[in-house]
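Asks: A single structure is presented below for examination.
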Amino acid sequence: VSIYGCKAFAKEQHPTWEEASDRLLYVAHNMRQIDTGNNVFFGNVSAVFRTSKVKDNVLIAPIDTGIYEGSCNNSYGPNLPIDCDAWKDDPIGTLEFSDHLFLENLQIWAKARNYTMVQEAEALFTRSAISKYSYSSLPNVTSKDVIRYYESNIVGNPPFPESVKFLIGYFPYLFGTQDGLNLQKLADRYNWPLVWALGVYPTSHHISPAYGANERVLDPTAKASSSLNITISKKMSASFEELWGKAAAVRKSTAHKLPPQTTIEGWWSELMQTEQVRIGPASPFSCRALDECIGVSLSSNDCI
């Protein structure tokens, strides 16, 4: 409310639908090309928006405002050792005017792990779209890296469904589940491509060891996949569905509890050994028609 100028709810704990519709859409700017798109702490599905449809309604803060409020104003939530003085009186940004946020983001987070701003910048650049590494070779990240994003919220109600470019499903929790089937149905209903991301195996308190965060695969069974500039073979879909059935059987036998990490990673490894389309995020450096592309094929470097 104080940062983005949204109108306060009449009853803070009991907002109406009308009041809620006047609030912003929470969006994380995926600066480090994390495969799940967003921090899975916020949910098992991420929607990736089409820039042309939302660009005039985006307001950007240099840090997750919940982390900032909890750490700097002691209002609620996490209390992290960030540099609160790095962002006090400066305005929020937009997609067109956001240069001033860059140094603020670096300064805010450098203090949290006793880095210099140069070290913080290096950590960001090596994971970003300008990295010298290919997507499959990006340096590992931890849960501490994943939260260092711009909060790039959509202040308004974007046109639906055309504002959504594609969906990302979190493989460990959704693959082979009823919720995963529901996600596929949602994607098919609106003709959205669906991508699965391995991410990191869930841990308590959302603290993770270093992991790749660079594992995405296209769902060949999603209706929208057939309209992309790639070939979806019957073998590709059959392999995917066979593994889905295997995963569903295991989950059912364990009363739908989260399987062990070795089982989840085994499924992913088995899927990668079949004929599938592995993709990395699209960027202005890889795709001319960035607004239309959902990613880059890791095998051909073609935009998809």
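The values are calculated or read from the model by the stated rules, or taken from the named source; none is laboratory data. Source: prediction; values computed, not measured. Cβ: placed from backbone, ideal geometry, glycine included. Neighbour counts: every protein chain shown. Accessible surface areas use protein heavy atoms only, side chains included; no ligands, DNA or RNA. Shrake-Rupley method; radii C 1.70, N 1.55, O 1.52, S 1.80 Å.
Asks: Checking VAL1 against (1) of a type outside the set (S, T, N, Q); (2) closer than 19 Å to ILE154 by Cα; (3) open to solvent by less than 70 Å² (accessible area, probe 1.4 Å); (4) in a loop (DSSP other than H, G, I, E, B), only one condition comes out false. Which one?
Replies: With respect to (1) of a type outside the set (S, T, N, Q); (2) closer than 19 Å to ILE154 by Cα; (3) open to solvent by less than 70 Å² (accessible area, probe 1.4 Å); (4) in a loop (DSSP other than H, G, I, E, B), VAL1 is out only on (3).
Asks: Which condition breaks for PHE240 when tested against (1) touching a residue at least 60 places away in the same chain (Cβ under 8 Å); (2) touching a helix residue (DSSP H, G or I) at 6+ places or on another chain (Cβ under 9 Å); (3) crowded, with 18+ Cβ neighbours inside 10 Å; (4) not in a strand (DSSP E or B)?
Replies: Among (1) touching a residue at least 60 places away in the same chain (Cβ under 8 Å); (2) touching a helix residue (DSSP H, G or I) at 6+ places or on another chain (Cβ under 9 Å); (3) crowded, with 18+ Cβ neighbours inside 10 Å; (4) not in a strand (DSSP E or B), PHE240 violates only (1).
Asks: Give me the residue from the range 52-107 that is within 19 Å of the chain's Cα centre (by Cα) and assigned to a loop (DSSP other than H, G, I, E, B) and, out of that set, farthest from GLN119 (Cα to Cα).
Replies: Here the answer is LEU95.
Asks: I've got another one for you. Which of the residues that make up the range 209-227 are outside any helix (DSSP H, G or I), open to solvent by less than 60 Å² (accessible area, probe 1.4 Å) and under 23 Å from ASN38 (Cβ atoms)?
Replies: TYR211, GLY212, ALA213, ASN214, GLU215, ARG216, VAL217, LEU218, ASP219, ALA222
Asks: Mind checking which residues of the range 10-51 are open to solvent by 50 Å² or more (accessible area, probe 1.4 Å), farther than 21 Å from ASN214 by Cβ and without any contact (Cβ under 8 Å) to a residue 60 or more places away in the chain?
Replies: ALA10, LYS11, GLU12, GLN13, HIS14, PRO15, THR16, TRP17, GLU18, ASP22, ARG23
Asks: Taking the range 104-154, which residues are charged (D, E, K, R), open to solvent by 20 Å² or more (accessible area, probe 1.4 Å) and more than 20 Å from ASN38 (Cα to Cα)?
Replies: Within the range 104-154, LYS111, ARG113, GLU122, LYS132 qualify.
Asks: Of everything in the range 208-231, what is within 19 Å of ALA282 (Cα to Cα) and basic (Lys, Arg)? Give them in sequence order.
Replies: Correct list: ARG216 only.
Asks: Now, a different point. So ASP302 fits all but one of (1) over 19 Å from THR36 (Cα atoms); (2) touching a residue at least 24 places away in the same chain (Cβ under 8 Å); (3) buried (at least 17 other Cβ atoms within 10 Å of the Cβ); what number is the exception?
Replies: ASP302 satisfies every listed condition except (3).
Asks: In the range 254-275, which residues are open to solvent by less than 30 Å² (accessible area, probe 1.4 Å) and either under 15 Å from VAL195 (Cβ atoms) or in a loop (DSSP other than H, G, I, E, B) (or both)?
Replies: Residues satisfying the conditions are PRO259, TRP268, LEU271.
Asks: Any residue in the range 266-278 that is closer than 16 Å to SER237 by Cβ sitting within a Cβ distance under 8 Å of a residue that is of a type in the set (Phe, Trp, Tyr) and modelled with pLDDT of 95 or more? List the pairs, counting only those 6 or more apart or interchain.
Replies: Going by the 8 Å Cβ cut-off, the qualifying pairs are LEU271/PHE240; THR274/PHE240; GLN276/PHE240.
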